[in-house]
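Below is one structure; the comments refer to it alone.
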Amino acid sequence: MVRKEIKTCSLEYMQVLTQDGQVDHDLYPKELNEDKVKEMYHLMVLLRTMDEKLFNLQRTGKIGTYAQAKGQEASQIGSGMALKEEDWIIPSFREMGVFIARGADRKKLVQSWNGDTRAYADMTKAHALPTAIPIASQCLHATGIAWASKLKKEKSASIVYFGDGATSEGDFHEALNFAAQFQLPVVFFCQNNGWAISTPTSGEMNSETVAQKAFAYDMNAIKVDGNDVLAVYKATSEALTRAREGQGPTLIEAETFRMGDHTTSDDSSKYRSDELKAQWAKKDPIERLQNYFKAIGTWSEDYKTWVEETVAKEVEEAVEGGLSVEAPTYKQMFEDVFEGEMPWMLKEQQAELEAELQEIEQRSQATGGGNK
Amino acid sequence: MVKMHMVAALNSALRHTMSQDDKVVILGEDVGVDGGVFRVTEGLQEEFGKERVVDTPLAEAGIVGSSIGLAINGMRPVCEMQFSGFSYQALHHVIQHMSRFRQRSNSTASLPMVLRAPCAGGIRALEHHSESPESYYIHAQGIKVVMPSGPKDAKGLLIAAIKDNNPVVFLEPKSIYRSFKEEVPEEAYEIELGKANVVQEGSDVTIVTWGAMTRATKKAVEELGDVSCEIIDLRTLWPFDIDTIVKSVEKTKRAVVVQEATRACSLSSEIVAQIQERCVLKLEAPVKRVTAFDLPFPQFALEKYFLPNTTRIKTKIKEVVDF
């Protein structure tokens with residue numbers, strides 16, 4: 001008879017850059033240089049500025065419901081910049097920064113928040129899927145996409161984004177199990193922003209970390225400071241490299257904080273305190289990079305102003321371009337369903353709508369423009 | 001031509017498509033070594049390897065969700081649900097993604113995938129093994145739904161489904177898996193999706209049916225003897241072939257819809273509504289339906305009372321003809 005320990009699990013945590021800007025030179029990613037880190041800073045400021053702009057546009061009724069990324073800039077830009085062109089991005093709905101880091105057309109990003117699926121066409125062709133709103137469901141699509149890459153013997157990895165709340169869903173666990181079972185080239189990137197709408201992470205799980213859930217599947221895992229863009233970049237790069245080289249999937253937990261509400265339909269003051277927000281404001285990812293540049297002596301007010309002015313122009317261009325697109329026609333919703341010939345019922349129903357619109361138009365002309 | 005039952009015909013269809021296109025992969029529970037619990041995939045793993053015929057973990061959402069990803073990235077997955085009664089664990093992927101991914105991506109990505117599932121009752125199976133779920137899949141929108149009525153159709157329809165660039169739910173009535181054989185061509189052939197089959201021409205009444213009920217309807221019509229019945233087997237349930245139905249009803253002026261599924265909000269509801277909208281002035285009798293009762297599928301001791309049978313089909317045909 002025997003009773004003994006048969007398995008132990010241990011989890012790494014990584015922080016490369018402290019909040020006051022001190023860098024761990026051993027951990028500093030070798031492939032980075034100052035220009036690259038400056039680019040990260042630029043894109044993080046761009047994300048925050050565009051995020052605030054879109055929030056305001058929703059408030060003035062110019063776009064639909066918007067999910068802010070504020071506070072998560074390091075997680076999104078850091079992981080996004082680790083991607084190669086042939087890698088697949090499988091987002092949930094709060095990952096604008098990943099798309100920005102990937103170099104997606106920012107006008108299309110604005111258009112996508114205006115309920116217009118035409119924005120997703122080019123992104124999908126460029127291996128970046130449209131928003132997936134049902135929580136955690138996209139994890140399995142990532143597993144499947146990575147599976148296809150493996151079957152086709154392509155050296156591309158997939159990265160899927162989700163939040164802490166998603167780890168309570170069955171789809172998350174099924175995706176991890178499949179990915180580990182078939183050793184698929186996929187990176188599961190959890191932005192643990194502390195909150196699933198009003199439910200804190202402690203209300204989602206008894207587990208101390210999200211990352212440890214990978215142990216159940218014998219999968220690589222790491223927890224990183226999600227407000228440290230260098231740590232996020234490093235962990236993601238390593239995981240993607242392993243994936244591309246056939247060494248299987250990884251679960252990354254990036255610990256961060258959603259500084260805004262869940263979406264523009266939410267009011268987070270109902271469920272979390274100002275003190276908590278103030279605590280996290282002290283860990284601001286953008287300020288951390290500023291502190292880093294100050295510490296290494298490359299920061300200047302001129303640079304700060306240059307970034308702000310450049311970003312203001314970039315955001316203006318994205319918003320103007322994204323909102324000036326002509327509205328889609330009704331035909332699109334019928335045409336985009338089935339490939340090949342449109343089924344008879346859709347043809348008939350499209351004709352019904354067309355007749356209705358013509359009638360409205362004729363009535364409008366008869367009454368001199370009023371739709372009475 | 002070889003005489004074979006439906007399981008062998010489906011197996012033959014899978015073998016043809018896998019030989020012709022290396023993007024076709026099969027995944028499901030027990031589909032590899034075991035060849036599927038009904039043996040539809042028997043021998044395929046031996047022939048095409050473990051990479052293309054995959055025994056997956058026991059997780060329906062995992063199977064369907066992964067298949068969606070495989071299809072997005074250029075493969076043509078054919079996934080098997082062990083029983084349609086278990087496919088509900090994956091229904092969220094069908095409704096939220098499989099049905100609308102093409103629309104969401106502005107026609108950039110179609111999903112060329114087939115979800116196969118044994119369906120329907122009549123084999124005294126355990127609970128959750130006997131439902132006819134076609135309406136759930138039709139209601140999801142954006143999906144083609146197919147149900148064969150015998151071996152020859154099964155082979156041609158499955159090949160067409162796998163070659164189709166749209167997602168297809170392919171429902172296989174278990175009761176006719178091995179209950180009869182037909183002459184089936186050995187070579188690959190396609191039966192066009194969206195086209196019904198006029199199984200038997202007639203002039204007194206049109207009977208619209210599909211799946212295992214096609215055979216039950218033929219038997220009932222034979223037993224009736226003196227009524228000239230036109231039997232239409234839909235083959236594709238969505239989008240179904242309205243032209244063939246209307247043409248027939250305009251000729252016979254009477255119609256009965258026979259389905260194994262429950263009645264309310266079912267495909268028969270839609271067919272009756274369409275006949276009414278298009279043929280009301282031609283009709284000489286109300287359009288009637290033979291269906292299962294609007295109940296949860298009972299455990300099998302009561303199955304014989306629940307399922308439509310030839311007696312009920314004959315009764316409804318007589319009611320409509322004698323109206």
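Quick look at the values:
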| quantity | calculated |
| --- | --- |
| Some residue of region A:59-66 being out of contact with any helix residue (DSSP H, G or I) (no Cβ under 9 Å at 6 or more places or on another chain) and hydroxyl-bearing (Ser, Thr, Tyr) | yes |
| Residue within region A:94-107 that is free of Cβ contacts under 8 Å to residues at least 24 places away in the same chain and either assigned by TED's automatic domain parsing to the domain that holds residue A:71 or over 23 Å from residue B:94 (Cβ atoms) (or both) present | yes |
| Residues (in contact with a helix residue (DSSP H, G or I) (Cβ under 7 Å, 6 or more places away or on another chain) and open to solvent by 10 Å² or more (accessible area, probe 1.4 Å)) located in region A:119-130 | A:120, A:122, A:123 |
| Options A:99, A:93: the member that is under 13 Å from the mean Cα position of the chain (by Cα), part of a loop (DSSP other than H, G, I, E, B), aromatic (Phe, Trp, Tyr) and more than 9 Å from chain B (Cβ to nearest Cβ) | A:93 |
| From A:224, A:229, residue being modelled with pLDDT of 95 or more, within 16 Å of the chain's Cα centre (by Cα) and crowded, with 24+ Cβ neighbours inside 10 Å | A:229 |
| Count of region B:217-237 residues which are in contact (Cβ under 8 Å) with a residue 60 or more places away in the chain, surrounded by 23 or more Cβ atoms within 10 Å (Cβ to Cβ) and farther than 23 Å from residue B:136 by Cα | 4 |
| Helices (runs of 4 or more DSSP H) contained in region B:218-322 and holding at least 3 residues small (Gly, Ala, Ser) | B:267-279 |
| Pairs, first in contact (Cβ under 8 Å) with a residue 12 or more places away in the chain and at the interface with chain B (Cβ under 7 Å from one of its Cβ atoms) in region A:138-149, second among the polar types (S, T, N, Q) and in a helix (DSSP H, G or I), C-beta under 7 Å, six or more apart | A:140/B:66; A:143/B:66; A:147/B:66 |
| Residue under evaluation residue A:341, criteria (1) of a type in the set (Asp, Glu); (2) open to solvent by 60 Å² or more (accessible area, probe 1.4 Å); (3) away from chain B (no Cβ under 14 Å), criterion not met | (3) |
| Tally, over region A:262-280, of residues that are assigned to a helix (DSSP H, G or I) and either of a type in the set (D, E, K, R) or without any contact (Cβ under 8 Å) to a residue 12 or more places away in the chain (or both) | 8 |
| Helices (runs of 4 or more DSSP H) contained in region A:281-338 and holding at least 2 residues away from chain B (no Cβ under 14 Å) | A:285-295, A:301-323 |
| Condition met for residue A:335 (open to solvent by 40 Å² or more (accessible area, probe 1.4 Å) and not assigned by TED's automatic domain parsing to the domain that holds residue A:113) | yes |
| Extreme residue, most open to solvent (accessible area, probe 1.4 Å), among residues of region A:166-202 that are part of a helix (DSSP H, G or I) and farther than 19 Å from residue B:62 by Cα | A:202 |
| Matching residues in region B:291-323 - criterion: being free of Cβ contacts under 8 Å to residues at least 60 places away in the same chain and in contact with a Pro (Cβ under 9 Å, 6 or more places away or on another chain) | B:291, B:305, B:319 |
| Given (1) more than 9 Å from every other protein chain (Cβ to nearest Cβ); (2) closer than 21 Å to residue A:170 by Cβ; (3) open to solvent by less than 10 Å² (accessible area, probe 1.4 Å); (4) not hydroxyl-bearing (Ser, Thr, Tyr), index of the condition residue B:101 fails | (1) |
| Count of region A:1-57 residues which are within 24 Å of the chain's Cα centre (by Cα) and open to solvent by 90 Å² or more (accessible area, probe 1.4 Å) | 4 |
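The values are calculated or read from the model by the stated rules, or taken from the named source; none is laboratory data. Because the structure is predicted, anything quoted here is derived from the model rather than measured. Here Cβ is always computed from backbone atoms with ideal geometry, including for glycine, and neighbour counts include all displayed protein chains. All accessible areas refer to the heavy atoms of the entire protein, side chains included, with ligands and DNA or RNA removed. Shrake-Rupley method; radii C 1.70, N 1.55, O 1.52, S 1.80 Å.
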